[in-house]
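This report concerns only the one structure given below.
The values are calculated or read from the model by the stated rules, or taken from the named source; none is laboratory data. Everything numeric here is computed off the predicted structure, so don't read it as measured data. FYI the Cβ positions are ideal-geometry reconstructions off the backbone, even for glycines, and counts take in every protein chain you see. Heads up: the accessible areas ignore ligands, DNA and RNA and are worked out on the full protein's heavy atoms, side chains in. Shrake-Rupley method; radii C 1.70, N 1.55, O 1.52, S 1.80 Å.
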Amino acid sequence: MASNKRQNSLLNGIDNLFVIATIFLLIGGLVMLASASMPIAVKNLGDPYGYVYKQLTSIALGLSAGLVAFLIPSRIWEKFGILLPILAIAAHNSFHS
Amino acid sequence: MLLTIVFIPDIGVTANGATRWIKIGPLPNIQVVDPARLLLLIYISGYCYRQQEALTSDFMSFVKPMIFIIPACLLLLGQPDFGSTVIILSVTAGLFFIAGFKIRYFLALIIILGLAFAFLIYIEPYRMSRLAGFLEPWKDALGVGYQLTNSLIAIGSGGIFGVGLGESIQKLFYLPEAHTDFIFAIIAEELGLMGTILILSLYGLLISRIFVIGFKAIQSELMFQGYLCISIGIWLSLQVIINLGVNMGLLPTKGLTLPLISYGSSSIAITLITLAIVLRIGCENPQPKKNLRNSG
């Protein structure tokens, strides 16, 4: 119950104009990307919408990662700010060895 | 540190003469500077928050975070990625200014940075040739000035209302990188001045909201959150301004994307994560009590 209430107050604080600007830039950008990338997509990928699909995948990835980032309290970033690059290297090295 | 990865053979991917990408398994190529930039912004904001006292009195307080930033910049320059170096150093300087760095130290800092950038341009022949191509693009319109002249042709033929969506001529292989760094020129060609004004007002709205959130956080004594928002705001505005400047021939060519619009897997994903952090900070700011129902 308490956590539910906290979640609600968190959502109330969402900056509407910020979200609207982001969404319009994303949609407009996707339309323009579709138009601008069509010739080169046919040449490189053989599919006029190739780059659009790739971009859509990245947007979906970014939105899901963004949701996770949104759920992390911002103090955490300050506390672990220096460790993050080291972690990234460590994870990468263990992944490849 | 993350930036060292691109120098590992087999992982670094070279495109257009710059090794900036890493490839891990089936994932799309990652441009390393994107996550690294976000982590550096977080680090610098945290540093400004922790060293609040020293920052206002001591010039040396600027030198300490350079232990992290200068190696990162050298790695970026090795890739080579001059534009990102300029952006990271400028955001750092801007954030120090907001955090209360003394104005005469700040001026000294700007002069040092300016000299450093001038030196970096001078020692690399390709940067000099780009600078020459930027100053007089039409002199060598098929050589170094090729990209810029075609970008200018695209913007110019757009006129006020543009040639219409999908009708661009320049995107048909006249303008290289039409879907990444030079997408703004295609927007200007297809949608004209009206389209670019619309895009710019959306960016303006977004960036102004980021700064509003940041200053609200600082007013509520959430210094780290405020600094982080402001550094993100400065980064986003610089990135947009530099990309537009490059497209319109006001700045020399650099490999910088237009955030949220250009094609680029890691660029767009990391930008969305960055914006999500700002959104979270906005939600953590104390909200004004909504008593509309009671009072009405």
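In the range B:131-296, what percent of the accessible surface is made up of carbon and sulfur (1.4 Å probe, ligands and nucleic acids excluded)?
Answer for the range B:131-296 is 67 percent, counting heavy atoms of protein chains only.
Would you pull out the residues with amide H under 5 Å of B:L251's amide H, same chain only if 5 or more places away, H placed 1.01 Å from N?
Counting only residues 5 or more places away or on other chains, the set is B:V246.
With θ set to phi - 60°, apply the Karplus curve 6.51 cos²θ - 1.76 cosθ + 1.60 along the range B:116-125 and write out the HN-Hα couplings as whole Hz, x wherever there is a Gly or Pro.
Along the range B:116-125, the couplings run 4, 5, 4, 4, 5, 5, 5, 6, 9, x Hz.
Quote the accessible area belonging to B:C73 in square angstrom, nearest 10, computed with a 1.4 Å probe and with ligands, DNA and RNA left uncounted.
Result for B:C73: roughly 10 Å² accessible.
Other chains' Cβ within 10 Å of B:106-116 residues: what's the mean?
0
Starting from the Cα gyration tensor of the range B:151-229, take the square roots of the eigenvalues, sort them a ≥ b ≥ c, and report rounded, prolate or oblate (rounded when a/c is under 1.5, otherwise prolate if a/b is larger than b/c, else oblate).
prolate
If you look at just the Cα atoms of the range B:131-296, how large are its Rg and its Dmax in Å?
19.6, 70
Looking at the range B:97-194, which GluC sites (Glu not before Pro) are DSSP coil and have at most 14 other C-beta atoms within 10 Å of their C-beta?
Within the range B:97-194, the qualifying GluC sites (Glu not before Pro) (loop, at most 14 other Cβ atoms within 10 Å) are B:E167.
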